[in-house]
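The values are calculated or read from the model by the stated rules, or taken from the named source; none is laboratory data. What you see is a predicted model, and the numbers here were worked out from it, not measured in a lab. Here Cβ is always computed from backbone atoms with ideal geometry, including for glycine, and neighbour counts include all displayed protein chains.
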Amino acid sequence: MKRILLKLSGEALAGEKKTGFDEPTVTKVANQVAQLVSDGVQIGIVIGGGNFWRGRNSERIDRSHADQIGMLATVMNCLYVSEIFRSVGMKTQILTPFVCGSFTKLYAKDRAEKYFAKDMVVFFAGGTGHPYFSTDTATVLRAIEIEADGILLAKSVDGVYEDDPKTNPDAKKYQEVSIQEVIDKQLQVVDLTASVLCMENHMPMYVFGLSQENAIVNTVSGTFTGTKVRV
């Protein structure tokens, strides 16, 4: 893979605390990404906001406003993770689909390409900039736009299962599954909108557990033990 879109779960970055950040976890991610960058891989990153806010769980807030809070949660995540990346020697830039003061730059594909050409890790924060679209959808959309070779989904679970492994310890784990089967069986890899975008644009996904040793590097090298979602 020459260019990837890495989706990081907000909850996974929080580690055992479940909320906020777990700096050792983020530093491990940074060191893996730094290794890939040094090998010439271009990396875009989307981070979920679940370690701060899950608007769909709120019954008292208007959905549009709840989603806006979620967008800002992803901006906070990208600001923090970007700084950890810089602390281990990488160059980074954060792009958002809306003006965010001097914190970020406004997203444009040409701008992202310019940063990739300078060996920068590009963070795509703020989702799509619109309510009712998840960071799953933003991940696939940006991956398609930047013509990534694949999407790496770093989650708190180590792959795609036929059932929730937290409630069903006997649930079967898939080594490989088609995006059509993901849709038909509602396997909870990404949401339906994102799944259809992947299918229509032939974008493969690689699902793995962030806590696994060297999981990101192993996925890019083809030796990962997660689940490949083929198209």
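For (1) under 30 Å from GLU213 (Cβ atoms); (2) modelled with pLDDT of 95 or more; (3) not aromatic (Phe, Trp, Tyr), each residue gets a yes or a no:
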| residue | (1), (2), (3) |
| --- | --- |
| LEU36 | yes, yes, yes |
| GLY40 | yes, yes, yes |
| SER58 | no, no, yes |
| GLN68 | no, no, yes |
| THR74 | yes, yes, yes |
| GLY101 | no, no, yes |
| ASP110 | no, yes, yes |
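Just to be sure before I move on: is ASP67 in contact (Cβ under 8 Å) with a residue 24 or more places away in the chain, more than 29 Å from GLN35 (Cβ to Cβ) and not in a strand (DSSP E or B) in the structure I sent? Talk me through it step by step, then tell me what you get.
Details: in contact (Cβ under 8 Å) with a residue 24 or more places away in the chain: yes; more than 29 Å from GLN35 (Cβ to Cβ): yes; not in a strand (DSSP E or B): yes.
For ASP67, the condition - in contact (Cβ under 8 Å) with a residue 24 or more places away in the chain, more than 29 Å from GLN35 (Cβ to Cβ) and not in a strand (DSSP E or B) - is met.
Of everything in segment 161-173, what is in contact with an Asp or Glu (Cβ under 9 Å, 6 or more places away or on another chain) and either of a type in the set (Val, Ile, Thr) or closer than 17 Å to LEU210 by Cβ (or both)? Give them in sequence order. Full working, then the answer.
Let us first name the residues in segment 161-173 that are in contact with an Asp or Glu (Cβ under 9 Å, 6 or more places away or on another chain), namely 163, 165, 168, 170-173.
PRO165, LYS173 - these are the residues of segment 161-173 that are in contact with an Asp or Glu (Cβ under 9 Å, 6 or more places away or on another chain) and either of a type in the set (Val, Ile, Thr) or closer than 17 Å to LEU210 by Cβ (or both).
Conditions: (1) surrounded by fewer than 18 Cβ atoms within 10 Å (Cβ to Cβ); (2) within 17 Å of the chain's Cα centre (by Cα). GLN42 meets all but one. Number of the miss?
The one condition GLN42 does not meet is (1).
Would a scan of segment 111-125 turn up a residue that is assigned to a strand (DSSP E or B), out of contact with any Asp or Glu (no Cβ under 9 Å at 6 or more places or on another chain) and among the hydroxyl-bearing types (Ser, Thr, Tyr)?
No, the conditions are met nowhere in segment 111-125.
If you scan segment 203-218, which residues turn out to be under 14 Å from the mean Cα position of the chain (by Cα) and of a type outside the set (A, V, I, L, M, F, W, C)?
PRO204, TYR206, GLY209
Scan ILE69, ILE61, ILE47 and give me the residue that is among the β-branched types (Val, Ile, Thr), under 16 Å from the mean Cα position of the chain (by Cα) and at negative phi. If you could, list the steps in order and put the result at the bottom.
Numbers: ILE69 fails: under 16 Å from the mean Cα position of the chain (by Cα); ILE61 fails: under 16 Å from the mean Cα position of the chain (by Cα).
Of ILE69, ILE61, ILE47, the one residue that is among the β-branched types (Val, Ile, Thr), under 16 Å from the mean Cα position of the chain (by Cα) and at negative phi is ILE47.
Of THR193, THR219, THR137, which residue is surrounded by fewer than 20 Cβ atoms within 10 Å (Cβ to Cβ) and β-branched (Val, Ile, Thr)? If you could, list the steps in order and put the result at the bottom.
Numbers: THR219 fails: surrounded by fewer than 20 Cβ atoms within 10 Å (Cβ to Cβ); THR137 fails: surrounded by fewer than 20 Cβ atoms within 10 Å (Cβ to Cβ).
The unique qualifying residue is THR193.
If you go through segment 186-231, how many residues are among the charged types (D, E, K, R), closer than 24 Å to VAL41 by Cα and in a loop (DSSP other than H, G, I, E, B)?
Step one: of segment 186-231, the residues among the charged types (D, E, K, R) are 191, 200, 213, 228, 230.
Now drop any that are not closer than 24 Å to VAL41 by Cα, which leaves 213, 228, 230.
Now narrow it down to the ones that are in a loop (DSSP other than H, G, I, E, B): 213.
Here the count works out to 1.
Within segment 140-156, take every residue that is assigned to a loop (DSSP other than H, G, I, E, B), surrounded by fewer than 21 Cβ atoms within 10 Å (Cβ to Cβ) and not charged (D, E, K, R) and give me the one that is modelled with the highest pLDDT.
In the first step, residues of segment 140-156 are kept if they are assigned to a loop (DSSP other than H, G, I, E, B); the result is 146-149, 156.
So of that shortlist, the ones also surrounded by fewer than 21 Cβ atoms within 10 Å (Cβ to Cβ) come out as 146-147, 149, 156.
Subsequent filtering for residues that are not charged (D, E, K, R) retains 146, 156.
Working: ILE146: 98, SER156: 82.
Ranking the candidates gives ILE146 first.
Six or more apart or on different chains, Cβ atoms under 6 Å: show the pairs whose first residue is in segment 39-54 and in a loop (DSSP other than H, G, I, E, B) and whose second is of a type in the set (S, T, N, Q).
Sorted first by the residue in segment 39-54, then by its partner, the pairs are GLY48/SER9; GLY48/THR135; GLY49/THR74; ASN51/THR19.
Against the definition (closer than 21 Å to MET76 by Cβ, at pLDDT 95 or above, among the hydrophobic types (A, V, I, L, M, F, W, C) and surrounded by fewer than 16 Cβ atoms within 10 Å (Cβ to Cβ)), how does LEU95 come out, yes or no?
Values: closer than 21 Å to MET76 by Cβ: yes; at pLDDT 95 or above: yes; among the hydrophobic types (A, V, I, L, M, F, W, C): yes; surrounded by fewer than 16 Cβ atoms within 10 Å (Cβ to Cβ): no.
No; evaluated as a whole, the condition is false for this residue.
Considering only residues that are surrounded by 13 or more Cβ atoms within 10 Å (Cβ to Cβ) and of a type in the set (Phe, Trp, Tyr), look in segment 103-134 and name the one that is farthest from LEU72 (Cα to Cα).
Ranking the qualifying residues of segment 103-134, first place goes to PHE116.
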